[in-house]
1. List every residue whose amide H lies under 5 Å from the amide H of THR261, counting only residues 5 or more places away in sequence or on a different chain, with H placed 1.01 Å from N in the peptide plane.
2. For an R0 of 45 angstrom, estimate the FRET efficiency from the Cβ-Cβ distance between ASP109 and VAL245 and round to the nearest 0.05.
3. Please give the length that would be gained between SER162 and LEU93 if that part of the chain were fully extended, namely 0.36 nm times their separation in residues minus their C-alpha to C-alpha distance (nm, one decimal).
4. Quick one: which residues, 5 or more positions from ILE87 or on another chain, have an amide H under 5 Å from its amide H? H modelled 1.01 Å from N in the peptide plane, none for Pro or chain starts.
5. Please list the non-local residues whose amide H lies under 5 Å from the amide H of GLY79, H modeled 1.01 Å from N, same-chain partners needing a gap of 5 or more.
6. Tell me, what does the Kirkwood hydrodynamic radius of the stretch 300-345 come to in angstroms if you use every pair of distinct C-alpha atoms?
7. Taking each pair of distinct Cα atoms in the stretch 143-184 once, what is the resulting Kirkwood hydrodynamic radius in Å?
8. Report the rotationally averaged projected area of the stretch 243-332 based on its alpha-carbon convex hull, in square nanometres.
Amino acid sequence: MEEDYLYGTDELMPMIESLFIPGNFLLRAFFPGLMEFDTEEVKVDRVLDDRRLAPWVSPLAPGKIQQPRGHQVESFIPGYLKPKNAITGREVLRRLPGEPLTGSLSAGDRRGRIMLQRMFEHRQKIERRLEWMASSIIRTGAVTIVGDDYPATVVNYNRLGSLTKTLLTTDRWGESGVSPYDDVEEWIGEVANASGAAVNIVVMDGKAWGLYRADPKTEKAIDTTLGQTAAIALGLTVQLPGTPVFKGRIGEVEFYVYNDTYEADVTGQATNIIPDYTVMLGSQGGIEGTQLFGAILDPRNNYGAARYFAKNWIDEDPAGEFVMTQSAPLLVPKRINATLCATVR
């Protein structure tokens, strides 16, 4: 009889997979790849750089054997995300937002709608956590995973130290004699030298953009004719929360302002995904970031691969119903040196 009251996994998964989440600019721009694993660990093969010159030899001498640099396997065990809600009797008996004041839905109908709403909220929270991870990786070259029941673990992708910058004193943007335009041009060259990749996206917060735009060199060089079609090309709907604002293009490099926020874990305060006075540079073709998802170790999921796994269940005494969505994500950049971040003031 219990199964008559429960959603099956086959019913829940299509419902949550079909929900659309706006925003997630950094994910879409720099981590568009997706891989699901049927193991707890996620693994990445990293081919080591080999930029040696071919050796000179006499035409009568044998060729010189070159030992391949090979590759290394990197393994990670992602932390779990498990947002969970109780569906209470009081909820299903009260009018839902949008219902007539007298109420028009049955308790069963409300239960179904509340269930879908909670799954939608779970998906939003997981996606926002992924965006937070993307920001951390691009800003610092690493991400720290920590929770109440998860000891602090730092996943460091070993970006060159020179690609994480903090400008001090007279070098800061807004100081006399400092050209933000020249700085960005120099940083684009640093990324190219470090990774062999060409920067094609620069992302700033509003304060950094204001200082960059004020440079007379920027005003002369930037082309603003593309409009918001650049954001739309990334699959983003203009004016929705989390949507970047396209500011223009210089050569092949597109400039965006991104001011999305999240609620801090402890204080609940609104916090910027990108801190004030932050400038991020990246090569989409160079970083080739991928979202990796470990197996969901749950018998209802047959311990298999899943990007998101939603389920609900009923406790008999005291009676209660719960809905939960599980995910085991980790973001991995193939070439972290194809990114640079600077705090400019």
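Just so it is clear, none of the values below were taken in a lab; they were calculated from the coordinates. Note that the coordinates shown come from a computational prediction; the quantities given were computed from them, not determined experimentally. Quick reminder, even Gly has a Cβ in these numbers, built from the backbone with ideal geometry, and neighbours come from all protein chains shown.
1. Amide H neighbours of THR261, under 5 Å, 5+ apart: ILE273.
2. 0.65
3. My answer for the length gained is 18.9 nm.
4. GLU321, PHE322, VAL323
5. Correct list: empty.
6. 15.0 Å
7. Roughly 13.6 Å, rounded to one decimal.
8. Here the figure is 9.8 nm², rounded to one decimal.
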